[in-house]
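K.L.:
I have a structure I would like to understand better, so I am pasting it below and will then ask my questions one at a time.
The values are calculated or read from the model by the stated rules, or taken from the named source; none is laboratory data. Note that the structure is predicted; figures quoted are calculated from it, not measured. Neighbour counts run over all protein chains shown; Cβ positions are idealised from the backbone, glycine included.
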Amino acid sequence: MTADVFKTARESSVADTAKAMVKGRFGSALVMQGNALLGIFTERDVLRAAASGEDLTSSPVSKWMTRDPTTAEPETDSEDAAQLMLSGGFRHLPVAEGAAVAGIVSLRDVLAARLRRKT
């Protein structure tokens, strides 16, 4: 799990969020309202928004995000996280402890954990 999570507000524009994702080298942004997780906005969502032809400087991430994303708990092991991602068809899995966001697991994190176990 990575505790360094990029967060954005639902009214943030796709363009601004995408710029911040590139600058910070984040593959996803958790869309928050206060401490509540509303959704997740990923690289794939940026592509969908760009392909739509809409003005990305005014289009909010809330229009493109996945609402109420599947989450894992901090105790979820990498095998279970991988299974959740594979069955759901996504590459980023928010980790929540109760109502609070604790971090995020990416497919890269799962692969790295698996490789470490083999050595």
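K.L.:
Only residues that are under 15 Å from the mean Cα position of the chain (by Cα) and of a type outside the set (Lys, Arg): list them for segment 40-66, please.
P.N.:
Ile40, Phe41, Thr42, Glu43, Asp45, Val46, Leu47, Val61, Ser62, Trp64, Met65, Thr66
K.L.:
Out of (1) in contact (Cβ under 8 Å) with a residue 40 or more places away in the chain; (2) within 12 Å of Val101 (Cβ to Cβ), what's the single condition that is false for Leu38?
P.N.:
If we test Leu38 against (1) in contact (Cβ under 8 Å) with a residue 40 or more places away in the chain; (2) within 12 Å of Val101 (Cβ to Cβ), just (1) comes out false.
K.L.:
Next question, about the same structure. Looking at Ser58, Ser52, Ser78, which is the one that is out of contact with any His (no Cβ under 6 Å at 6 or more places or on another chain) and at pLDDT below 95?
P.N.:
Ser78
K.L.:
Which condition does Val105 not pass, out of (1) touching a Leu at 6+ places or on another chain (Cβ under 8 Å); (2) in a helix (DSSP H, G or I), if it passes all the others?
P.N.:
The one condition Val105 does not meet is (2).
K.L.:
Suppose we keep only residues that are surrounded by 12 or more Cβ atoms within 10 Å (Cβ to Cβ) and of a type in the set (Val, Ile, Thr) within segment 46-78. Which one would you say is farthest from Arg10 (Cα to Cα)?
P.N.:
Thr76
Here is a yes/no grid of residues against (1) closer than 24 Å to Asp77 by Cα; (2) part of a strand (DSSP E or B); (3) at pLDDT 95 or above:
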residue	(1), (2), (3)
Asp4	yes, no, no
Lys19	no, no, yes
Met32	no, yes, yes
Ile40	yes, yes, yes
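For (1) of a type outside the set (Val, Ile, Thr); (2) under 16 Å from the mean Cα position of the chain (by Cα), each residue gets a yes or a no:
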| residue | (1), (2) |
| --- | --- |
| Thr71 | no, yes |
| Gly89 | yes, yes |
| Val110 | no, yes |
| Lys118 | yes, no |
